[in-house]
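The values are calculated or read from the model by the stated rules, or taken from the named source; none is laboratory data. For clarity, every value in this text was computed on a predicted model and none was experimentally measured. When we count neighbours, we look across all protein chains shown, and the Cβ atoms used for this are built from the backbone with ideal geometry, even at glycine.
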Amino acid sequence: PWAVNLIDRDRIIADARAARASGANVVVLSVHWGTEWQTAPDEQQKELAQALTAARSADGLPDIDLVIGTHNHVPQPYEKINGTWVVFGMGDQVASFVPADKLRGNQSSVPRFTFAPAAGHPGRWEVVKAEYLTQYSDMGPPFRVVCASCAASDTSLPAAKRSEYALIDQQVTEAVMSRGAGGQGLEHATR
């Protein structure tokens, strides 16, 4: 039987450790969590992120190397917790919300993390670059998914569209950076 809304911290950690024992150099957790339409992480997200990023192997290395969240429909913050990046929520990557109160559901972020071998820890990798792009499902016509970070400065687009994408880029950036990720090394990519 399927379990609905079941997030079992101990099972997640056990699964991460099993992946590592099976030879995984990098363990990325994609977790379906959070309160729909809420930009700020809820208490469950914050508590779980704290516990998961604190989990360590016998040699003191993280059990989980990156946490990517989904579910809540709107972009949420990125934050480095216990030395591990957490994307609380990307927002919907492809959406078609039309009612005015749901349009922000067409906004999202695209995380981009670069891993490299960890110095001094053979077989382990670590994040050496943390970036994000902003994205928008433009209802058009035609419907298209646009890199707002990229399109905001695209001179081949009409000025009104560039302004629209620049505003979306700003709104998504505010959400992504709202818990201090910029000071933790997160970069806003435009390509």
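Residues in region 15-26: is at least one in contact with a Pro (Cβ under 6 Å, 6 or more places away or on another chain) and touching a residue at least 60 places away in the same chain (Cβ under 8 Å)? No - not one qualifying residue is present in region 15-26.
Scanning region 93-135 for residues that are free of Cβ contacts under 8 Å to residues at least 60 places away in the same chain and touching a Gly at 6+ places or on another chain (Cβ under 6 Å) returns 95, 97, 130. If I filter region 95-116 for residues that are surrounded by fewer than 16 Cβ atoms within 10 Å (Cβ to Cβ), basic (Lys, Arg) and more than 22 Å from residue 73 (Cα to Cα), do I get at least one hit? Checked region 95-116: no residue is surrounded by fewer than 16 Cβ atoms within 10 Å (Cβ to Cβ), basic (Lys, Arg) and more than 22 Å from residue 73 (Cα to Cα).
Candidates 70, 35: the one that is within 25 Å of residue 95 (Cα to Cα) and touching a strand residue (DSSP E or B) at 6+ places or on another chain (Cβ under 7 Å) is 70. Screening region 46-63 for residues that are among the acidic types (Asp, Glu) and part of a loop (DSSP other than H, G, I, E, B) and picking the one that is modelled with the highest pLDDT gives 63. Selection within region 37-85: residues that are surrounded by fewer than 23 Cβ atoms within 10 Å (Cβ to Cβ) and among the acidic types (Asp, Glu). The member of this set that is nearest to the chain's Cα centre (by Cα) is 42.
A Cβ distance below 6 Å, combined with a sequence gap of six or more or placement on separate chains, defines the contacts here; from region 71-89, residues that are closer than 13 Å to residue 186 by Cβ reach residues that are among the hydrophobic types (A, V, I, L, M, F, W, C) and part of a strand (DSSP E or B) in the pairs 78/87; 78/186; 79/86; 85/66; 85/127; 85/130; 86/67; 87/68.
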